[in-house]
Amino acid sequence: MGEQAPEKAPGKPRTAPPSPQGKGSAKKPESHLAMVRRARRINRELAEIYPYAHPELDFRNPFELLVATVLSAQTTDLRVNQTTPALFAAYPTPEDMAAAVPEELEEIIRPTGFFRAKARSLLGLSKALVDNFGGEVPGRIEDLVTLPGVGRKTANVVLGNAFGVPGITVDTHFGRLVRRWKWTEQEDPEKVEAEVCAIFPKSEWTMLSHRVVFHGRRICHSRRPACGACPIAPLCPAYGEGETDPEKAKKLLKYEKGGQPGQRLSPPPDYPGLPAPPLGAAQAAPAEA
């Protein structure tokens, strides 16, 4: 591995105690302008905390990213990454996958769960790519969402990371954190996407998605946020929902922040953590998706 990217040490919020953004604040309601300024500052802070933020699915081309993203529903990126080497060895192109025997495809992707439904989506989208797009993954959202099993979330992942087209990916972690930070109160992913897009310049959308998801997986967990180890605690309206003791909070950190392997078997060169183990190898401690 190359040199580790500099990172802020988790467990040491920038100021102590956290600002009155946290629970129990008697401050007057935050204005929309103040919220936008706070949101943009959070994004700047996250860019310093996670300079190595990246999509956590292994892929080498748009087709592999599209397939991996479809497989990632209701499972971890780790499990997808452990499964796709055998999948792409067997079916490296849309033409190959479109001609797959369903039962054989199902058996390969079984570890990702819901394998019969996912196999139908992969067969359908592969055939659509061959029949409608010359075997190439299209670079427009209006085309991508016509493919079986592909919605706006998947389309934005592919566009942002395979084609460089800015987009916000509203997955479970992203939606949870932006509501926790009071950037939006919306629950519908498309409404969340629209409201968050309005806060940030278009050039920030793709990387913002990665940074927020990284933070949600590593520090700001759903059930037990590591508030006492969170570098953006002074900016968080939900400070105190999780463990505030710094030493106890540090034990809740995951992936590279907790000294554990990441989700990618082939992470980017600047990733400061350990590669994930292949399927069947010794597993790291369980972590959130």
**Message:** Condition (residue is closer than 23 Å to GLN74 by Cβ and surrounded by fewer than 16 Cβ atoms within 10 Å (Cβ to Cβ)) applied to region 125-140: is it met by at least one residue?
**Reply:** no
**Fill in**
Selection from region 267-286 of residues free of Cβ contacts under 8 Å to residues at least 12 places away in the same chain and open to solvent by less than 60 Å² (accessible area, probe 1.4 Å) yields ALA281
**Request:** Please work out if LYS257 is of a type in the set (Lys, Arg), out of contact with any strand residue (DSSP E or B) (no Cβ under 6 Å at 6 or more places or on another chain) and without any contact (Cβ under 8 Å) to a residue 24 or more places away in the chain.
**Result:** no
**Asked** Out of region 65-85, which residues are touching a residue at least 40 places away in the same chain (Cβ under 8 Å) and hydrophobic (A, V, I, L, M, F, W, C)?
**Response** LEU65, LEU66, VAL67, VAL70, LEU71, ALA73, LEU78
**Item:** Residue list for region 70-100, restricted to those being touching a Lys or Arg at 6+ places or on another chain (Cβ under 8 Å) and part of a loop (DSSP other than H, G, I, E, B)
**Value:** ALA73
**Item:** Subset of region 161-172 [surrounded by 14 or more Cβ atoms within 10 Å (Cβ to Cβ) and free of Cβ contacts under 8 Å to residues at least 60 places away in the same chain]
**Value:** VAL165, PRO166, GLY167, ILE168, THR169, VAL170, ASP171
**Item:** Unique match (being surrounded by 21 or more Cβ atoms within 10 Å (Cβ to Cβ) and modelled with pLDDT of 95 or more) among LEU33, LEU57
**Value:** LEU57
**Asked** With (1) open to solvent by 50 Å² or more (accessible area, probe 1.4 Å); (2) part of a helix (DSSP H, G or I); (3) without any contact (Cβ under 8 Å) to a residue 24 or more places away in the chain as the list, and GLN186 as the residue in question, which single condition is left unmet?
**Response** (2)
**Request:** Would you point out the residue of region 189-243, among those that are within 26 Å of LEU33 (Cβ to Cβ) and among the aromatic types (Phe, Trp, Tyr), that is least open to solvent (accessible area, probe 1.4 Å)?
**Result:** PHE200
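Residue-wise test of (1) assigned to a loop (DSSP other than H, G, I, E, B); (2) at pLDDT below 95; (3) buried (at least 20 other Cβ atoms within 10 Å of the Cβ).
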site	(1), (2), (3)
LYS8	yes, yes, no
PRO13	yes, yes, yes
LYS27	yes, yes, no
ALA68	no, no, yes
**Request:** Six or more apart or on different chains, Cβ under 8 Å: which pairs go from a residue in region 111-139 that's touching a residue at least 60 places away in the same chain (Cβ under 8 Å) and assigned to a helix (DSSP H, G or I) to one that's open to solvent by 60 Å² or more (accessible area, probe 1.4 Å) and of a type outside the set (A, V, I, L, M, F, W, C)? Could you list them?
**Result:** PRO111/ARG79; LEU129/GLU136
**Asked** Among the residues of region 249-266, is there at least one that is open to solvent by less than 20 Å² (accessible area, probe 1.4 Å), more than 15 Å from TYR52 (Cβ to Cβ) and not aromatic (Phe, Trp, Tyr)?
**Response** yes
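The values are calculated or read from the model by the stated rules, or taken from the named source; none is laboratory data. Owing to the predicted nature of the structure, the values given are computational and were not obtained by experimental measurement. Using ideal geometry, Cβ is built from the backbone for each residue, glycine included, and neighbour counts are taken over all protein chains shown. The accessibility values were calculated without ligands, DNA or RNA, using every heavy atom of the protein model including side chains. Shrake-Rupley method; radii C 1.70, N 1.55, O 1.52, S 1.80 Å.
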